[in-house]
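Scroll down for the structure; my scribbles are underneath it.
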Amino acid sequence: MHTSPNFSKYPDGLVPVIVQDDDSLQVLMLGYMDEKAFSLSRKQNRVTFYSRSKKRLWTKGETSGNYLDIREIHLDCDQDALLIKVKALGPTCHRGTTSCFD
């Protein structure tokens, strides 16, 4: 991906991110990224969000080991939302399920 989202479209600078399994195309979760989370995700090739509850950057899987390895990043037509296709290394949801949308 050569273009970054327009983080200034949101007052808090957080862009919504839809995470989708690259093989099954199942939607796994929704999260939010600020500019630092986006940059770190691209650098490490693993999904890092800005956690609104923890008030910090949070790499999905940092405690569970259930990382989300990035396969593709797509920016929507308005440059204010992301679709990230991933290879999930274990369950995505904190409940132990594949998706947060079961």
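Every number in this text was worked out from the coordinates using simple rules, so none of it is lab data. Everything quoted here is computed from the prediction, not taken from an experiment. Note: ideal-geometry Cβ built from the backbone for every residue, glycine included; neighbour counts use all protein chains shown.
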(request) State to the nearest 20 debye the size of the charge dipole of the chain about its Cα centre, where the only charges are +1 on K and R beta carbons and -1 on D and E beta carbons. (result) 460
(request) Report, ordered by chain and residue number, the aspartates and glutamates lying within cross-link reach of Lys36, taken as a straight Cα distance under 16 Å and ignoring same-chain residues fewer than 8 apart. (result) Asp12, Asp80
(request) At most 13 other Cβ atoms within 10 Å and a DSSP loop assignment: could you name the GluC sites (Glu not before Pro) in region 34-101 that fit? (result) Glu62
(request) Let me know the longest stretch in the chain that avoids all trypsin sites (Lys or Arg not before Pro) found in a DSSP loop with at most 14 other C-beta atoms within 10 Å. (result) 1-51
(request) Pick out, from Gln79, Ser41, Gly65, the residue whose Cα sits farthest towards the positive end of the charge dipole of region 13-88, with +1 on the Cβ of Lys and Arg and -1 on the Cβ of Asp and Glu. (result) Gly65
(message) Show me, for region 48-58, the HN-Hα J-couplings you get by feeding each phi into the Karplus relation (A = 6.51, B = -1.76, C = 1.60, θ = phi - 60°), rounded to Hz, glycine and proline as x.
(response) 10, 10, 9, 7, 5, 7, 8, 6, 7, 5, 9
(message) If I model a spin label at Ile18 and Lys87 as a point 7 Å from the Cα along the Cα→Cβ vector, what separation in nanometres do I get?
(response) 2.4
(message) Among Ser53, Gly13, Pro91, whose Cα projects farthest towards the positive end of the dipole of the chain, with charges put on the beta-carbon of Lys, Arg (+1) and Asp, Glu (-1)?
(response) Ser53
(request) Calculate, in nm to one decimal, what Cys77 and Ser8 gain on full extension: separation in residues at 0.36 nm each, minus their alpha carbon distance. (result) 23.3 nm
